[in-house]
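Below: the structure, in structure tokens.
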Amino acid sequence: MLTVSAPGKVILFGEHAVVYGEPALVGAIERRVRVRIRALNQKVVRIRSDATGGVKSFSFEELEQGEDALRYVKRAVSMAFEEAGEKAGIELWISSELPPASGLGSSAAVTVATLKAVLTLLHEDVSRKKLASLAHRVELEVQGSASPTDTAAATYGGVLMVHPGRGIERLGAGEGLPLVVGNTRKERSTKLLVAKVRRLRESMPEVVDPIIGSIGTLTREARRCLENGELERIGELMNINHGLLEALGVSTQELSHLVYVARSAGAEGAKLTGAGGGGCILALARRKHEQVLRALGRECQAMPAEVTFEGVLLEDAE
Ligand code: PMV
């Protein structure tokens with residue numbers, strides 16, 4: 001039996017502006033997807049998932065079919081078989097500390113952990129670079145389009161600066177950043193929200209472009225603060241970033257309410273994270289960590305989510 005885990009992610013700064021060429025800062029968080037794997041004698045892939053409940057078995061051919069909740073896992077298994085040049089009967093147990101479809105990178109984490117688990121079982125040693133690229137391919141095939149950011153965060157951990165069209169830079173700063181996530185449990189479509197901002201920009205570019213430019217400027221400043229450990233200022237920048245996301249029309253009454261709940265409880269800063277329209281908020285809470293967690297916990301699903309430098313990890317091999 002092998003256990004592999006991979007972390008989820010939050011967008012710290014720069015969502016939406018990144019679609020228009022501005023940078024974004026993304027942090028891997030210490031909430032993980034775990035995949036346990038063992039070999040079977042039969043030629044089937046059996047998947048047990050806490051999220052979907054129960055157990056399902058697939059023939060090797062069936063891995064390529066279906067649009068079900070297990071599609072990332074199934075595609076990751078077949079991609080690992082292709083990479084290893086062999087197929088094997090396996091059983092997988094998936095458990096997750098990340099809520100699905102809320103912008104916390106659960107599909108990237110399950111994809112990376114599954115790939116690593118299957119490849120390790122088949123004695124295939126791949127580099128992190130290769131793993132990140134295989135995982136990105138899985139997301140592309142399943143979703144049609146996907147940025148490589150979530151799969152990079154799940155593979156490498158740490159804080160990543162995304163430079164659109166120019167690649168992803170791994171920063172050495174930000175470990176242990178004391179974050180709290182508040183989840184509205186409202187699933188939303190990133191695609192629809194990106195389209196909403198696009199329409200707004202097309203209808204009044206002279207108003208919207210400066211907002212996007214300001215988000216880029218504050219994201220670059222946030223990077224500098226992260227590298228200098230200027231936590232208070234990072235909080236302030238999160239507040240400004242939230243205001244600008246509101247201006248772009250992607251917040252909701254509930255998200256902004258949660259942002260104010262976190263700030264009132266003493267967070268250094270708070271903002272929505274990801275596409276908006278539902279999903280999660282992110283608070284930076286060092287001094288009043290417990291108070292912020294409790295206050296948010298009364299209003300939504302609240303969870304601590306420190307930035308972690310532990311990317312994909314082989315936890316144990318019995
Ligand atoms: O909702 P998430 O965490 O998948 O993030 C979406 C981020 C956007 O900037 C809105 C879209 C994108 O592709 O970068």
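The values are calculated or read from the model by the stated rules, or taken from the named source; none is laboratory data. Because the structure is a prediction, the values reported are computed rather than measured. FYI the Cβ positions are ideal-geometry reconstructions off the backbone, even for glycines, and counts take in every protein chain you see. What goes into the accessible areas is simple: the full protein's heavy atoms, side chains included, and nothing from ligands, DNA or RNA. Shrake-Rupley method; radii C 1.70, N 1.55, O 1.52, S 1.80 Å.
Restricting to the range 22-60, give me the number of residues that are within 16 Å of the ligand (Cβ to nearest atom) and either assigned to a strand (DSSP E or B) or open to solvent by 50 Å² or more (accessible area, probe 1.4 Å) (or both).
8
Please work out which one of (1) within 16 Å of the ligand (Cβ to nearest atom); (2) at pLDDT 95 or above is the condition Glu86 fails and give its number.
(1)
For the range 264-282, how many residues meet the condition of being closer than 17 Å to Leu177 by Cβ and open to solvent by 10 Å² or more (accessible area, probe 1.4 Å)?
Counting residues in the range 264-282 that are closer than 17 Å to Leu177 by Cβ and open to solvent by 10 Å² or more (accessible area, probe 1.4 Å) gives 3.
Where in the range 241-308 are the strands (runs of 3 or more DSSP E), entirely inside, with at least 3 residues that are closer than 29 Å to Glu206 by Cα?
269-273
In the range 137-232, which helices (runs of 4 or more DSSP H) lie fully inside it and hold 3 or more residues that are farther than 25 Å from Ala113 by Cβ and open to solvent by less than 70 Å² (accessible area, probe 1.4 Å)?
190-203, 205-228
Based on what the data block shows, is Thr3 of a type in the set (S, T, N, Q) and modelled with pLDDT of 95 or more?
So Thr3 passes the test.
Just the residues that are open to solvent by less than 10 Å² (accessible area, probe 1.4 Å), out of contact with any Phe, Trp or Tyr (no Cβ under 7 Å at 6 or more places or on another chain) and in a helix (DSSP H, G or I), please, taken from the range 88-117.
Matches in the range 88-117: Ala108, Ala109, Val112, Ala113, Thr114, Leu115, Ala117.
Could you list, in sequence order, the residues of the range 152-199 that are among the small types (Gly, Ala, Ser) and more than 11 Å from the ligand (Cβ to nearest atom)?
Matches in the range 152-199: Ala152, Ala154, Gly157, Gly158, Gly165, Gly167, Gly172, Ala173, Gly174, Gly176, Gly182.
Tell me, yes or no, whether the range 245-258 has at least one residue that is within 25 Å of Glu221 (Cα to Cα), surrounded by fewer than 20 Cβ atoms within 10 Å (Cβ to Cβ), in contact with a Ser or Thr (Cβ under 9 Å, 6 or more places away or on another chain) and of a type outside the set (A, V, I, L, M).
Taking every residue of the range 245-258 in turn, at least one turns out to be within 25 Å of Glu221 (Cα to Cα), surrounded by fewer than 20 Cβ atoms within 10 Å (Cβ to Cβ), in contact with a Ser or Thr (Cβ under 9 Å, 6 or more places away or on another chain) and of a type outside the set (A, V, I, L, M).
Keeping to the range 65-83, report how many residues are modelled with pLDDT under 95 and either assigned to a loop (DSSP other than H, G, I, E, B) or among the β-branched types (Val, Ile, Thr) (or both).
6
Would you pick out the residues in the range 7-21 that are under 12 Å from the mean Cα position of the chain (by Cα) and either near the ligand (Cβ under 7 Å from one of its atoms) or over 15 Å from Val307 (Cβ atoms) (or both)?
Selection gives Ile11 alone.
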